[in-house]
Amino acid sequence: MAFTTEERYRAYADWPADYIDKITQNTKHSPWRTNFHIETPHGLLNDPNGFSYFNGKWTLFYQYFPFGAAHGLKSWVHTESTDLVHFEPTGTMVYPDTPLDSHGAYSGSAMQFGDKLFLFYTGNVRDENWIRHPYQIGALMDTKGEIQKIDHILIDQPDDTTDHFRDPQIFNFKGDYYAIVGGQNLDKKGIIKLYKAVDNDYLNWEYVADLDFANNLTAYMMECPNLVFIDEKPILLYCPQGLDKSVLDYDNIYPNLYKIAQSFDPETAIMVDPSPLQQLDYGFECYATQAFNAPDGRALSVSWLALPDVEYPTDRYDYQGCLSLVKELTLQDGKLYQYPVEAITSLRTDSQIFAPKVATNNCYELELTVEADSKIDLVLFADANKKGLKLSIDPANGQVTLDRKDCGEAFALDFGTERHCQIANQVTIANIFIDKSVFEIFINKGEKVFSGRVFPHQDQTGIAVLAGQVTGNYYSLDYGRKTH
Ligand code: FRU
């Protein structure tokens, strides 16, 4: 269903209850509902928001348009977790219901102050000429989940950006609070602005400078910037829309990338000696990754496993999008690793020696080892003719290749059906998480990652081996009761 602008911006209260019932039922009929990835009961999920630790629990929100598979009037849905694997939704918490966020409670971050969680987000407002005013605004959530919105703008649109100015991330650096905000300058180039909380007051922000990270100024907008620190090294994760492919080659409509620097100077906003841009994920879907330094010091991240401006086969079931597993970010030999948190192993119910399978429930983990001088060709979501998601791990030639051309319903064909990355000529381990229509593949415990969606046909439930000696384990995964 194509949504008109009127429908996309219709007030939440004006959607009839029987319409919601109808789309909820339709979503339930989808053959591709996930077991252990967060998705919506109906409507569209996009960016993870407000990922934080609050009141003794992990808090994770997501961007939500409840009324179908479209980007419309956005709100924030809240979920919480004690183990970073099982998340309980508690409901929509931030509605687009004030003069400062009337046209969308857009993405943002969160941090605990006292006994409240401060939500720092973009309020999107359209005036009578449909001109957009992006305001960086705030709300406080108490331990009962009550939201109190702050009634004034915390950071207004600067004179030197267009109306593309959004997605504030608050972070602590050596005891002081800062925020970065993604934007577009008047030459229509993507930039990131750094602000500081005056006297550590999260209601009082002063501009420091545009972040200096050897920005090549080819992208037209930087969405969802995040700065995290691992072993004192700053890592900047962001989504440079329209980045010139001569800077870094990518296949997805918009890339999600990162740079590692040697140090960060908050006075001058300089990231010292930044690395070249690198792919966060080599798969088909991974965007708007949100990362933060948890109180225990770990850098944790979660991604949106879909992309803007792409249609998905689930759209006809009135929903779209899911979140990735929560990943811990580490640096090893100067390289960024991303791997699901340890508690993910609690989903394993049994362990079997790997063998091809005619049928599974498409909900499992494989842990495979591939010798340095060999190559394996594996088909996940395989049908009787061994057609499905083809994964080739080829340390002998230093390549991993993933091809979804023969896996279920085709979509996003404009962006190709194959993805690949380079690996070293050494023994290679692959941990592969399969969840109905989601795959997350971690090479060498997160040195390289391929994430994405496939929408398999009913008979695509097997695992086939086309070539090579496949050794390892198969684990059935059980999430328990699914509430999202
Ligand atoms: C990224 C994004 C953000 C924005 C949000 C709106 O996917 O476009 O920049 O805040 O989604 O839902």
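The values are calculated or read from the model by the stated rules, or taken from the named source; none is laboratory data. Remember, it's a predicted structure, so these values are computed and weren't measured experimentally. Neighbour counts run over all protein chains shown; Cβ positions are idealised from the backbone, glycine included. Keep in mind that these areas ignore ligands, DNA and RNA; they rest on the heavy atoms of the full protein, side chains included. Shrake-Rupley method; radii C 1.70, N 1.55, O 1.52, S 1.80 Å.
Residue by residue, here is whether (1) within 13 Å of the ligand (Cβ to nearest atom); (2) open to solvent by 10 Å² or more (accessible area, probe 1.4 Å) holds:
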| position | (1), (2) |
| --- | --- |
| Leu217 | no, yes |
| Met222 | yes, no |
| Leu227 | no, no |
| Ile235 | no, no |
| Cys239 | yes, no |
| Asp251 | no, yes |
| Tyr254 | yes, yes |
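Restricting attention to segment 317-345, the residues being surrounded by fewer than 24 Cβ atoms within 10 Å (Cβ to Cβ), in contact with a strand residue (DSSP E or B) (Cβ under 7 Å, 6 or more places away or on another chain) and of a type in the set (Phe, Trp, Tyr) number 2.
Taking residues in segment 118-129 that are away from the ligand (no atom under 16 Å from the Cβ), and partners anywhere that are not in a strand (DSSP E or B), the pairs with Cβ atoms closer than 7 Å and at least 6 places apart or on different chains are Phe118/Tyr202. With respect to His152, determine if the residue is within 16 Å of the ligand (Cβ to nearest atom), modelled with pLDDT of 95 or more, open to solvent by 50 Å² or more (accessible area, probe 1.4 Å) and assigned by TED's automatic domain parsing to the domain that holds Phe61. When the stated conditions are applied, His152 does not pass them. Applying the condition of being surrounded by fewer than 16 Cβ atoms within 10 Å (Cβ to Cβ) and of a type in the set (S, T, N, Q) to segment 444-472 and asking which residue is nearest to Glu409 (Cα to Cα) yields Gln458. Out of all the residues in segment 306-316, is one or more under 16 Å from Gly190 (Cβ atoms), within 15 Å of the ligand (Cβ to nearest atom), surrounded by fewer than 19 Cβ atoms within 10 Å (Cβ to Cβ) and touching a residue at least 60 places away in the same chain (Cβ under 8 Å)? Checked segment 306-316: at least one residue is under 16 Å from Gly190 (Cβ atoms), within 15 Å of the ligand (Cβ to nearest atom), surrounded by fewer than 19 Cβ atoms within 10 Å (Cβ to Cβ) and touching a residue at least 60 places away in the same chain (Cβ under 8 Å).
When segment 102-117 is examined, which residues are found to be within 23 Å of the chain's Cα centre (by Cα), in a loop (DSSP other than H, G, I, E, B) and without any contact (Cβ under 8 Å) to a residue 60 or more places away in the chain? So that I can check it myself, show each step before the final result.
Step one: list which residues in segment 102-117 are within 23 Å of the chain's Cα centre (by Cα), which gives 103-112, 117.
Checking which are in a loop (DSSP other than H, G, I, E, B) leaves us with 103-104.
Matches in segment 102-117: Gly104 only.
Within segment 63-75, no residue that is closer than 16 Å to Pro16 by Cβ and among the acidic types (Asp, Glu) sits with its Cβ atom under 7 Å from a residue that is open to solvent by 10 Å² or more (accessible area, probe 1.4 Å) and more than 10 Å from the ligand (Cβ to nearest atom) at 6+ positions apart or across chains.
Could you tell me whether segment 42-63 includes any residue that is within 16 Å of the ligand (Cβ to nearest atom) and over 25 Å from Ser324 (Cβ atoms)? Write out each step before concluding.
Initially, segment 42-63 is screened for residues within 16 Å of the ligand (Cβ to nearest atom), giving 43-51, 60-63.
Remaining after also requiring over 25 Å from Ser324 (Cβ atoms): none.
No, the conditions are met nowhere in segment 42-63.
The set of residues in segment 8-62 that are among the β-branched types (Val, Ile, Thr) and open to solvent by 20 Å² or more (accessible area, probe 1.4 Å) comprises Ile20, Thr24. If you go through segment 274-299 one residue at a time, how many are of a type in the set (Ser, Thr, Tyr) and away from the ligand (no atom under 16 Å from the Cβ)? Qualifying residue count, segment 274-299: 2.
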